[in-house]
Amino acid sequence: MDHNSQLVIIPETVKKGSLVTIRLIDQPDPLGDERPYQLRLGPEEFEELSPEKFTKQANANLYTWEIDTSNLEARGFTLDIVNGDDIINTGTLTVTPASNEVGVALKSTDRPRSTDLPLWIKILRSSKRLSFNNYLDYMDLLFCGPGPQENNLRSNLIRNVKNRFLPFNDTDSYRTLKAATEAFVMTNCEIDVSPTGTMDVFNEGEIDDLIEERVFNIADAPPEYNQIWNEYIVQIQQADPNNQAIKDIFTIPYLYLVRDKLNDLPLKLTAIDQILDNIEKPVYTGKSKKRVSSEASTTPRGIVQSTCKGLIVSKLNNPCFLELIWSYWHEEAMLVQVLNVITRRFQNIRGSGKNDPLAGLHIDPLQPLNNLIWGYVQDEQHRLSVVRRAYEYDHHYGFSIKGKAINDFRPADSRSRFIEAFHKLLNLCSQFYKQEDNKTIQADAFPIRNSLREVHLILAEGAHNGYGDLPSTARIEMLMQQYLLARPEFRQFIPSRNMVAYPEPWMDRVASVNKMMDWTGTSIIHFNNLAIFGEQLLLSIRFGSWSITNTSANQAAIWANFWRQAVQEYIHAYHAVTGIDLAAERTMVTDVDTRPPSYHLAKRLSEQQNGNGKPAAASGSSTRSGKTTTSTNGKVKKESW
């Protein structure tokens, strides 16, 4: 093309993010038309840009381009004005960084996804399902609505209502509450270990929320959750084509190791408590009502015995995710004790002090709470005593409770090393987080890996005797106590601090009675956080395969990062409750607090009461009063702890 043109770049050197104006001054076309010029940035092949403005002048035509350099790299570019394959004019543009400083970014160490990730997500979901607010919604739906719609929950509820009876008059309301709470706990604590996970299928929103909230420093994006769950579980028995009752049975890796250790024992498909559900009613024929022989009576004895002994399958493919530490911290929050003093006043028994703080408690029979409390009082003999719970706390965790009712405390098997091992683990995690946040070093997780193994082994030693039933029984009873305290009728009798936004409605009642009785002055929220996050941490350790020797330090690092919120929440709440900072740097690795929480709580209670002008309580004792019972001679006796 035979023509003259001039290229103007304003400015030729520009900071990244600024605008650049490019103008081409060209002689006019003989026909007066605009030429199809395009702007091309090089040396790479960029998309050609048409001029944003064309101005027709007397002696020249002006073509104008505006370029935003925000998306351009900080380097030099060539600018070509082309018309088809012909280059009309060429210039240069230099883009410099936004500042004179060179940008440097540090990031944490990328780690692959943990094989235990699906287990941890199951634990989080189970914890959310078992929360009090979810339980309260379920009870409101049951008592005030159409009832629960989930099939498994409905079947458990119907079964419990049919099988649970109380030998007392006018206790049907409480019986319904008790059966419904048991159905709620046992349905939501169990997880379905199967490839399809029909009970626990996650939708995409739940998966994204859980992954984004909990997982840190994962190098590869996690695949769909149900897929990694299928890769995680282990098959322990294949389906028998000759017996439709024997289906594919799966479990989690830790329970598979336990099953492999007991591989000489058969698998029992039906638990003893399910036998009555499977027995058909006898069939009678003729006027004589002669009973027809059942098929079971002709079954060979060897086959019957093979199905009557062995490991209960439901314990392997439907494990229950509960920890007794949840009940322990609510016990220390005086949850049980608060309801004890209320039921004492309900029975018209005066408090031990000169003035009874609950003297104005008058629950009229026109409201549901009256009959619920009546049934609760009548059923006292069927609930766990503080002594039984105390022995189990000691068996699981080496935790003790201070009080007169358990002065003659003689445990046979105590987990005395648990407190040291668990507190050491939390302290190591705290130090690990400091290193992890310091991007100039790679945090060492090998001590955490060893500590996780130690805690896992200690927990496994305590998973016997009452472990299978007492945690669930204690959870059922304490959820019922929380529900009773959350009833709106208590607003008339127990004043509360309305400006304190408690996350659960039972908390202000417990806090108010604690204040009346001069018990713990620590916020109930901290005890509740210790219960929730302590349970999550211990479940992830108990059911993880930490005893395997090839577990890497990288796996421990991922565990620490995943459970970072739970670890730090527990450390903070423990400091608020006991005054002990588990995250403090130690002069020696073994220099961690090994005294049970009850020691610090008793010490704080003594200081609190002494600060109120009262004499300090004796070391290791508590002024908490216990449940009230009636002796054989009709006189009232009080059990204190």
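The values are calculated or read from the model by the stated rules, or taken from the named source; none is laboratory data. These numbers come from a predicted model, not from an experiment. Quick reminder, even Gly has a Cβ in these numbers, built from the backbone with ideal geometry, and neighbours come from all protein chains shown. SASA here: full protein model, heavy atoms, side chains in, ligands and nucleic acids out. Shrake-Rupley method; radii C 1.70, N 1.55, O 1.52, S 1.80 Å.
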### Task
Please specify each residue of the stretch 73-93 satisfying the condition of being assigned to a strand (DSSP E or B) and among the acidic types (Asp, Glu).
Asp80, Asp86
### Task
Can you tell me which residue within the stretch 575-611, out of those that are polar (S, T, N, Q), open to solvent by 20 Å² or more (accessible area, probe 1.4 Å) and touching a helix residue (DSSP H, G or I) at 6+ places or on another chain (Cβ under 9 Å), is farthest from Gln431 (Cα to Cα)?
Thr594
### Members of the stretch 317-353 found to be modelled with pLDDT under 90, in a helix (DSSP H, G or I) and surrounded by fewer than 22 Cβ atoms within 10 Å (Cβ to Cβ), listed by number
none
### Query
Tally time: how many residues in the stretch 560-575 are at pLDDT below 95 and farther than 15 Å from Leu117 by Cβ?
1
### Message
Considering only the stretch 407-425, I want to know if a residue exists there that is of a type in the set (S, T, N, Q) and in contact (Cβ under 8 Å) with a residue 60 or more places away in the chain.
### Response
no
### Selected residue [out of contact with any strand residue (DSSP E or B) (no Cβ under 6 Å at 6 or more places or on another chain), open to solvent by 50 Å² or more (accessible area, probe 1.4 Å) and at pLDDT below 85] from Asn156, Asn152, Asn83, Asn134
Asn152
### Query
Quick one: is His464 open to solvent by 20 Å² or more (accessible area, probe 1.4 Å) and within 19 Å of the chain's Cα centre (by Cα)?
no
### Message
With the requirement that a residue be within 16 Å of Leu538 (Cα to Cα) and open to solvent by 70 Å² or more (accessible area, probe 1.4 Å), what does the stretch 420-449 give you?
### Response
none
### Task
Kindly establish whether Glu454 is farther than 23 Å from Asp581 by Cα and either without any contact (Cβ under 8 Å) to a residue 40 or more places away in the chain or buried (at least 19 other Cβ atoms within 10 Å of the Cβ) (or both).
no
### Query
Would the stretch 509-528 turn up any residue that is under 25 Å from Glu461 (Cβ atoms) and modelled with pLDDT of 90 or more?
no
### Query
In the stretch 508-527, what count of residues is obtained for those that are open to solvent by 20 Å² or more (accessible area, probe 1.4 Å) and touching a His at 6+ places or on another chain (Cβ under 9 Å)?
1
### Query
All but one of (1) surrounded by fewer than 23 Cβ atoms within 10 Å (Cβ to Cβ); (2) under 36 Å from the mean Cα position of the chain (by Cα); (3) in a loop (DSSP other than H, G, I, E, B) hold for Gln381; which doesn't?
(3)
### Message
For the stretch 293-316, give me the residue count where each residue is at pLDDT below 60 and among the charged types (D, E, K, R).
### Response
2
### Task
Output the residues belonging to the stretch 354-369 that are free of Cβ contacts under 8 Å to residues at least 40 places away in the same chain and either in a helix (DSSP H, G or I) or loosely packed, with under 13 Cβ neighbours inside 10 Å (or both).
Lys354, Asn355, Ala359, Asp364, Pro365, Leu366
### Task
Answer yes if at least one residue in the stretch 556-574 is assigned to a loop (DSSP other than H, G, I, E, B) and surrounded by fewer than 24 Cβ atoms within 10 Å (Cβ to Cβ), and no otherwise.
yes
